1. Being without any contact (Cβ under 8 Å) to a residue 24 or more places away in the chain and part of a helix (DSSP H, G or I) is the filter; apply it to the stretch 674-696 and report the residue that is surrounded by the most Cβ atoms within 10 Å (Cβ to Cβ).
2. Of the residues in the stretch 223-279, how many are surrounded by 15 or more Cβ atoms within 10 Å (Cβ to Cβ), more than 13 Å from residue 201 (Cα to Cα) and over 50 Å from the mean Cα position of the chain (by Cα)?
3. Sort out which residues of the stretch 152-171 are touching a residue at least 40 places away in the same chain (Cβ under 8 Å) and crowded, with 19+ Cβ neighbours inside 10 Å, and write them in order of number.
4. Go through the stretch 484-500 and give me each residue that's under 15 Å from residue 429 (Cα atoms) and surrounded by fewer than 17 Cβ atoms within 10 Å (Cβ to Cβ).
5. Pick out, from the stretch 201-274, the helices (runs of 4 or more DSSP H) lying fully within it that include 3 or more residues that are touching a strand residue (DSSP E or B) at 6+ places or on another chain (Cβ under 8 Å), in contact (Cβ under 8 Å) with a residue 40 or more places away in the chain and on the phi < 0 side of the Ramachandran plot.
6. Would you pick out the residues in the stretch 275-292 that are farther than 24 Å from residue 332 by Cα and either in contact with a helix residue (DSSP H, G or I) (Cβ under 8 Å, 6 or more places away or on another chain) or part of a helix (DSSP H, G or I) (or both)?
7. Look at residue 11 and say whether it is in the same structural domain as residue 384 (by TED's automatic domain parsing) and modelled with pLDDT under 95.
8. Can you find even one residue in the stretch 324-340 that is surrounded by fewer than 24 Cβ atoms within 10 Å (Cβ to Cβ) and within 37 Å of the chain's Cα centre (by Cα)?
């Protein structure tokens, strides 16, 4: 297992789209084998199938099939994409054949793929060399929607590059998978099938007129004249589509030809679809396998791959796949529709055991790379590659924000508190969500109730409050923090179960710092005398513990809270003293570690990075320390450069963060990062009045609205909540408290800034 994990680390779920057994077709067999192969090779991955149905009632599928799509019903494709997204599937692997999907040239599939958030790997079972316009268009769009295209022949790769303009780096070659069977003598199973002592020729596969079986039958009299012990087995049921439209006319025609040629004793028709184990036994008894197809335009053939994998001597017409696979002595090619040439090659191989066995060995040896174990590993490698690539180079799926307006015309959404209220019960605000539904499993935390207090207090200051109930909400959250404070040790507890049991006696330094941040800010906003008194008292009780903190983020949160508290109670000398102690400590951490190329206090960037320069800017103002302000502006400017790409904000991802000298994690991007940067940029603007900081604040805020790596909004205008994060494969659809509060605090901060700027411009215009 250890040697394989590197191929698929971080992949938990793979969905394969195609047909599936017991539906009778080559795609169904391939899809089934691929799902089983991946499941065997990587048992810790949940590999399952979403299947196409050509009849409304479907088929009696096994448990591996989790979703069924009516191929002609477009709405099913839309529903399938929703199902895949909801189940947070890591990779989707499509088995593409135009005919199994509905719409012109199978175009319904594009609707499904266009709505997916995760990487898509598409295996092409057909690549046309002279496509009609609609088929070309579908293939080009399919290429655009796929992260990788898997082909099973080199010629298919050439077609994609030369005819469809697909970049070479998007194409990967993987053999058609085959079962891993032993290299055995053809006499081993002959007695089981009643052909002992016979020379067996075999053709298998679903029967249709393009198979060219008639040419093989016409070659038989000449072969029989040299080898009277020959028997030719035609194995396979008539293709379901042919049977539906034309009945069994082709098989009847072949049977009449057998009678006319008087070769009935030498031909056996097995009119059935056989399971893999029996198919391998049939292949085992064959001395020569024949594929007398009539046309060259076949880019892959599972039947030929199976025959090579069982070590058969093969004679074939030169269709594309056969010409490539049987090169270098791995088989013999004969012209199309030429029974004499078939007879000549069969007779020669039956006459020459040495040449026949040498050919068998070459084919068998060549096919070892195509056994399902190896093929499954290669697919896993491709899955891992596209997932990693999507993480490093995200691809926008939707253009939600086509044009972000200039800051002078910027329009902010209205504040909506529905989600905040829905997550608040008689205890406090719940932490987590299943989509938009509160998840009571994880209970509550002081962190989120502190942020909720800040949002409700800030809202009372700046919003029309009629009917919003913000005063009541702030009292509710304040009550939670009052209960969270542990009088015995002067620290806040953080996590509480849904049954109101504290999970700890002391929360982290960061949790305590966040509580002080929000209490201090609430003190600056609250007008309700009772709420103000409790907030002030609780703030002062909890502050002494922070004096001994060394966590830089805990210090930064405390600094922001103390600065706001001192806006209201500037004469509180004890708070000023603690503010100065912690500000010096934070500044010293920066000074001792920062370099010109890495002006930061740590050798990594992780969470809530914007709060650190924000704290320096506030403390520098309060203490009249220009060196602190300069350090704050320098570090914030550097941080913004790292987290800006083009014209959009790219927070440091929580899935690995960013170690100095290493690769930065692109995902998962968290709303608290955008909130911290919005507030820091606003403070930089307040200090410098440089309009660039105003625009930077708006850019970071627009991350919520869709100006991000994927052009997908995290804010949900229906609920007023915010989704939990931007992932490599789309949006985390859960709307937890932390994310929604980060959105509300950012929106209120920017609304306040925008209102103040508008007022400033109005006053300036009046005085001119």
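The values are calculated or read from the model by the stated rules, or taken from the named source; none is laboratory data. Owing to the predicted nature of the structure, the values given are computational and were not obtained by experimental measurement. We place every Cβ from the backbone using ideal geometry, glycine too, and count neighbours over all the protein chains shown.
1. Per the criteria, the residue is 693.
2. Adding up the residues that qualify gives 5.
3. Scanning the stretch 152-171 gives 152, 153, 156, 159.
4. Hits for the stretch 484-500 are 497, 498, 499, 500.
5. On the way: elements: 213-226, 240-246, 249-261.
Correct list: 213-226, 249-261.
6. Taking the stretch 275-292 as the starting set, the residues that turn out to be farther than 24 Å from residue 332 by Cα are 275-278.
Answer for the stretch 275-292, where residues must be farther than 24 Å from residue 332 by Cα and either in contact with a helix residue (DSSP H, G or I) (Cβ under 8 Å, 6 or more places away or on another chain) or part of a helix (DSSP H, G or I) (or both): 276, 277, 278.
7. So residue 11 fits the description; yes.
8. Yes, there is a match, as at least one residue in the stretch 324-340 is surrounded by fewer than 24 Cβ atoms within 10 Å (Cβ to Cβ) and within 37 Å of the chain's Cα centre (by Cα).
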